[in-house]
Amino acid sequence: MQAQLKKILEEAKVQLDNALDQAQTEEIRVKFLGKKGELTKILRGMGHLSPEDRKETGLMVNRVKSQIEEMLEDKFEAVKKAARSAQFKLEKVDVTEPGKPFNLGVKHPLTITMEEISKVFMNMGFSIVEGPEVETVFNNFDALNEGPNHPSRDMTDTFYISEDILLRTQTSPVQVRTLMKQKPPIKIISPGRCFRCDTPDATHSPMFHQIEGLVVDEGITMAELRGTLDSFVKQLFGPETRTKFRPHHFPFTEPSAEVDVSCFKCGGKGCRVCKGSGWIEILGCGMVHPNVLKVGNLDTEKYTGFAFGMGVERVAMLKYGVDDIRLFYENDMRFINQFK
């Protein structure tokens, strides 16, 4: 049996020396060390040996097994290195070939517009405050002086998650949250996404973006509201732009107004953009209603404030001459790449 073991060791050595790749080396391993291998057969045939011979033969089998395992390990490492070298020779890199072109991303026009608007107000001392898109009915309607019969509360206008939870229809709830946790002076803007049950068309989308502003302090007047918005419009659309305030109604402001700007395409002469009027409606505003100030437990005899809100998509459409709001959401790179 000792002679047999010696023969197995020599045969394994010869075969490993002649092995050319990893597959052949693995076959040799299975042949000598596998479940049906040469050494396994010897171990199974040791049952007829005496205890002394069995012990001695077992030691020899283990010694031969260790030597074969060591040779296999060296051979596996050698064939791996040889395969790697052969692969490197085949995979030569021509450093003179041009690299693969890749396209740089660009900012979305709505992002550009929000950043431009925010920058103007931040330069005037406003801070940016954000709030959740999933809101309570109280913050979205009740605290903003919109009564239970207000048409905007209908399910045809608002996405309700439950009886008391909804997707906010405006960014005004951020103003409510600010009033409840911060004492005057307050000077903030709140950009963000809003949601309403609108059928998508050229001017409507169920998801859109707004930027709202709120200023609360002692002695705030309508004159300061007009001065702030007039300065904003001139910085955004150009120093020649004029503003016009028209009376309007919003539940959370009193008095309320809509703001028109002189058409920046025709200078007020009348064109297709302004529909011949020379003016373009851009936002709504007004003095904060006392009922809204009371939500923050503010003394309405001491504190006053103004608020304003605008649709980002509307501003972007006017500024860049986009005639269909759906273009902002189709992710057509031919459209978006125009804003590089």
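The values are calculated or read from the model by the stated rules, or taken from the named source; none is laboratory data. Keep in mind it's a predicted model, so treat the numbers as computed, not measured. Quick reminder, even Gly has a Cβ in these numbers, built from the backbone with ideal geometry, and neighbours come from all protein chains shown.
Could you run through the stretch 310-340 and say how many residues are in a loop (DSSP other than H, G, I, E, B) and either touching a residue at least 24 places away in the same chain (Cβ under 8 Å) or among the hydroxyl-bearing types (Ser, Thr, Tyr) (or both)? Outline the logic, then answer.
Residues of the stretch 310-340 in a loop (DSSP other than H, G, I, E, B): 321-324, 329-332, 340.
Next, from what is left, pick out any that are either touching a residue at least 24 places away in the same chain (Cβ under 8 Å) or among the hydroxyl-bearing types (Ser, Thr, Tyr) (or both): 321-324, 329, 340.
Residues flagged as in a loop (DSSP other than H, G, I, E, B) and either touching a residue at least 24 places away in the same chain (Cβ under 8 Å) or among the hydroxyl-bearing types (Ser, Thr, Tyr) (or both) within the stretch 310-340 amount to 6.
If only one of SER231, SER190, SER205 is within 17 Å of SER118 (Cα to Cα), of a type in the set (Ser, Thr, Tyr) and within 31 Å of the chain's Cα centre (by Cα), which one is it? Quick ask: steps written out before the conclusion?
Working: SER231 fails: within 31 Å of the chain's Cα centre (by Cα); SER205 fails: within 17 Å of SER118 (Cα to Cα).
Just one listed residue meets the conditions, SER190.
So CYS197 ticks every box in (1) surrounded by fewer than 18 Cβ atoms within 10 Å (Cβ to Cβ); (2) under 25 Å from the mean Cα position of the chain (by Cα); (3) under 20 Å from THR113 (Cβ atoms) but one. Which box is left unticked?
So CYS197 meets the others, but not (3).
List pairs: first in the stretch 60-79 and in the same structural domain as GLU38 (by TED's automatic domain parsing), second part of a helix (DSSP H, G or I) and among the polar types (S, T, N, Q), Cβ under 7 Å, 6+ apart or cross-chain?
Close Cβ pairs satisfying both conditions: MET60/GLN2; LEU72/THR25; LYS75/THR25; PHE76/GLN22; PHE76/THR25; VAL79/GLN22; VAL79/THR25.
Of the residues GLU146, GLU163, GLU115, which is under 28 Å from VAL322 (Cβ atoms) and surrounded by fewer than 21 Cβ atoms within 10 Å (Cβ to Cβ)? Give the steps one after another, and end with the answer.
Values: GLU146 fails: under 28 Å from VAL322 (Cβ atoms); GLU163 fails: under 28 Å from VAL322 (Cβ atoms).
The conditions single out GLU115.
If only one of GLY58, GLY45, GLY37 is loosely packed, with under 13 Cβ neighbours inside 10 Å and of a type outside the set (A, V, I, L, M), which one is it? Spell out the reasoning first.
Values: GLY58 fails: loosely packed, with under 13 Cβ neighbours inside 10 Å; GLY37 fails: loosely packed, with under 13 Cβ neighbours inside 10 Å.
On inspection, the qualifying residue turns out to be GLY45.
Just to be sure I understand, how many residues within the stretch 1-26 are surrounded by 12 or more Cβ atoms within 10 Å (Cβ to Cβ) and among the acidic types (Asp, Glu)?
Residues that pass the stated criteria total 3.
Just to be sure I understand, how many residues within the stretch 238-276 are over 30 Å from ASP142 (Cα atoms) and either of a type outside the set (Ser, Thr, Tyr) or loosely packed, with under 15 Cβ neighbours inside 10 Å (or both)? First the steps, then the outcome.
Within the stretch 238-276, the subset over 30 Å from ASP142 (Cα atoms) is 238-244, 261-276.
Filter once more, so that each one left must be either of a type outside the set (Ser, Thr, Tyr) or loosely packed, with under 15 Cβ neighbours inside 10 Å (or both): 238-240, 242, 244, 261, 263-276.
Adding up the residues that qualify gives 20.
Could you tell me how many of the residues in the stretch 245-271 are at pLDDT below 85 and farther than 20 Å from GLY311 by Cβ?
Initial filter on the stretch 245-271 (at pLDDT below 85): 263-271.
Adding the requirement that they be farther than 20 Å from GLY311 by Cβ leaves 266-271.
Result for the stretch 245-271: 6.
Going by the structure shown, is LYS80 at pLDDT below 85 and more than 41 Å from the chain's Cα centre (by Cα)? Break it down stepwise before answering.
Working: at pLDDT below 85: no; more than 41 Å from the chain's Cα centre (by Cα): yes.
Considered against the rule, which asks whether it is at pLDDT below 85 and more than 41 Å from the chain's Cα centre (by Cα), LYS80 comes out as no.
Determine if the stretch 174-190 includes at least one residue that is over 23 Å from GLU254 (Cβ atoms) and out of contact with any His (no Cβ under 8 Å at 6 or more places or on another chain).
Within the stretch 174-190, the subset over 23 Å from GLU254 (Cβ atoms) is 181.
Those still in the list that are out of contact with any His (no Cβ under 8 Å at 6 or more places or on another chain) too: 181.
Taking every residue of the stretch 174-190 in turn, at least one turns out to be over 23 Å from GLU254 (Cβ atoms) and out of contact with any His (no Cβ under 8 Å at 6 or more places or on another chain).
Run PRO98 past the list (1) surrounded by fewer than 13 Cβ atoms within 10 Å (Cβ to Cβ); (2) in contact with a strand residue (DSSP E or B) (Cβ under 9 Å, 6 or more places away or on another chain); (3) not charged (D, E, K, R) and report the number of the one that doesn't hold.
Among (1) surrounded by fewer than 13 Cβ atoms within 10 Å (Cβ to Cβ); (2) in contact with a strand residue (DSSP E or B) (Cβ under 9 Å, 6 or more places away or on another chain); (3) not charged (D, E, K, R), the lone unmet condition for PRO98 is (2).
Return only the number of the condition from (1) more than 21 Å from PHE195 (Cα to Cα); (2) touching a Cys at 6+ places or on another chain (Cβ under 7 Å) that THR156 does not satisfy.
Of the numbered conditions (1) more than 21 Å from PHE195 (Cα to Cα); (2) touching a Cys at 6+ places or on another chain (Cβ under 7 Å), the odd one out for THR156 is (1).
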